[in-house]
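The values are calculated or read from the model by the stated rules, or taken from the named source; none is laboratory data. Since we're looking at a predicted model, the values are computed, not measured. Positions of Cβ are generated from backbone atoms using ideal geometry, with glycine treated the same way; all protein chains shown enter the neighbour counts.
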Amino acid sequence: MALREINFDGIIGPSHNYAGLSFGNLASTRNAGQVSQPRAAALQGLDKMRANLALGLVQGVFVPLSRPNRDWLASLGTTYEECEQPLAAAAMSASAMWAANAATVSPAPDTRDGRTHLTVANLRTMPHRSHEWPGTLAQLRVAFGNDRHFAVHDPVPPAFGDEGAANHMRIASNHGEPGLELFVYGVTGGAFPARQHLQASKAIARLHGLDPERALFVEQSEAAIAAGAFHNDVVAVANENVLFAHELAFADRSQVVAFCEERLSGFELVEVPAAEVPIGDAIASYLFNAQLVTPPDGEMTLVVPSEARETPTVWSWIERHIAGNGPIRRVEVVDVRQSMANGGGPACLRLRVVADPETVDPRFIVDDAKLDRLSEVVRQNWPVEIDNADLQTPALVSDVERARSALLEELDLTELS
Ligand code: SUG
């Protein structure tokens, strides 16, 4: 069985808009009320997937969820036509595009029963994200329905906030070997909420059947959350034996280094000092919200958003590092500006699953030809612009609903309607 890293990107939904719903996510707050461009946003996302394919990576997709979420509004005793703000914006949010928050994934080599385990995230901290999980779970159960290879779990109870893979990192000498799993949780974020609870992370590690000796629970630094790192993947990312992190990412960095060094020979920390890249620049540019990947040519590659090239401290660090002897040998720049304006970079847009691609429902795996067909569906159906003041107009609602249906038809996934 050939285990590969598969990146499942959330296709950016037709209701993508800027409603300023995520307190503690600086980009979301800054861009509240801007006019969004859902069509351009989705095409940017599809181009990022093409760039992954060009590197030789296996690429998957998740489909946007049904928006407005009429079931959620019904459970609140209202309808989209009647409800007030902030319910309307929350019900219409395209936030499921950030697939790194869909679930936490433990690959088969790490788990007791030798299956890949996925726990859908409850996302309970932000109201607009708290109603994603039923739609996401339905989709995970189809994509990873082969129960000889996968176990898909319900969310942990909402008493404990869980935001999925954005707060989880796996370090392994290569994808197919047993790895170390690092779960990053927040205790306090100064003025901003800590969105990942320690008890949620511990529950997931137990449910996934991880070896307690190979799982570590790491506190995110208060300074990082307070500076706008609402998820760990805004200040750290791991791939194979490499952990790439900002100096201020963790409350106790030495605990992380000691744990990994003791258990994994060849572990490498690539740490960016605050003196070279201030944490504010790291967060504004999303240097760490990069995809850190190993393509088949073996050259470890950092896929950064264009904002990283436009931030002088960050680009100068990248150029010096790539020219040196570090493990990251190549950098690719992608344009995901529409998502970035809501605080979602290249890493937020994808969920990594280490698995044999043959065991995944093939409707969720894409090649260039399928991406071309999806781009055509987007060009024909996605709204060009959304002004927040128009979120409840009947014409927009029917455009959004029709656009999603056209996509499900194209992917032969109408069972997710
Ligand atoms: O949860 N933004 C998302 C961004 C998620 C990024 N994901 C990772 N870091 N993995 C969030 O804060 C903005 C929605 C709005 O304001 O309309 C939003 O939900």
Item to complete: State which residue pairs qualify: first residue over 23 Å from L55 (Cα atoms) and within 15 Å of the ligand (Cβ to nearest atom) and inside the range 332-343, second residue assigned to a loop (DSSP other than H, G, I, E, B) and small (G, A, S) in any location, beta carbons under 7 Å apart, and separation of 6 or more residues or different chains.
Response: G343/S22
Worksheet item: Is at least one residue of the range 352-370 touching a His at 6+ places or on another chain (Cβ under 8 Å) and either part of a loop (DSSP other than H, G, I, E, B) or exposed (fewer than 13 other Cβ atoms within 10 Å of the Cβ) (or both)?
Response: yes
Practice prompt. Determine whether the range 11-28 contains at least one residue that is within 13 Å of the ligand (Cβ to nearest atom), of a type in the set (G, A, S), surrounded by fewer than 20 Cβ atoms within 10 Å (Cβ to Cβ) and free of Cβ contacts under 8 Å to residues at least 60 places away in the same chain.
Written response: yes
Worksheet, complete the sentence: Restricting the range 371-393 to residues that are assigned to a loop (DSSP other than H, G, I, E, B) and of a type outside the set (S, T, N, Q), the one nearest to E409 (Cα to Cα) turns out to be W382
Item to complete: Go through the range 93-127 and count every residue that is in a helix (DSSP H, G or I), within 12 Å of the ligand (Cβ to nearest atom) and surrounded by fewer than 22 Cβ atoms within 10 Å (Cβ to Cβ).
Response: 1
Practice prompt. Would you kindly identify the helices (runs of 4 or more DSSP H) lying entirely within the range 164-271 that contain at least 1 residues that are within 16 Å of the ligand (Cβ to nearest atom) and at negative phi?
Written response: 198-207, 222-226
Discussion item. Let me spell it out: the conditions are (1) small (G, A, S); (2) over 16 Å from the mean Cα position of the chain (by Cα); (3) more than 9 Å from the ligand (Cβ to nearest atom), and A42 meets all of them except one. Which number is the exception?
Written reply: (2)
Worksheet, complete the sentence: Residue hits (the range 314-351; farther than 26 Å from A32 by Cα, in contact with a helix residue (DSSP H, G or I) (Cβ under 8 Å, 6 or more places away or on another chain) and surrounded by fewer than 17 Cβ atoms within 10 Å (Cβ to Cβ)) are R329, R330
Worksheet item: Restricting the first residue to the range 366-384 and requiring it to be under 25 Å from N17 (Cβ atoms) and without any contact (Cβ under 8 Å) to a residue 60 or more places away in the chain, which pairs with a second residue that is outside any strand (DSSP E or B) and among the aliphatic types (A, V, I, L, M) meet a Cβ separation below 7 Å and a spacing of at least six or different chains?
Response: V377/A406; V377/L407
Discussion item. Being surrounded by fewer than 24 Cβ atoms within 10 Å (Cβ to Cβ), more than 16 Å from the chain's Cα centre (by Cα), within 12 Å of the ligand (Cβ to nearest atom) and modelled with pLDDT of 95 or more is the requirement here; does A90 meet it?
Written reply: yes
Item to complete: Find the residue count for the range 140-160, including only residues that are closer than 22 Å to A347 by Cα and out of contact with any Phe, Trp or Tyr (no Cβ under 6 Å at 6 or more places or on another chain).
Response: 1
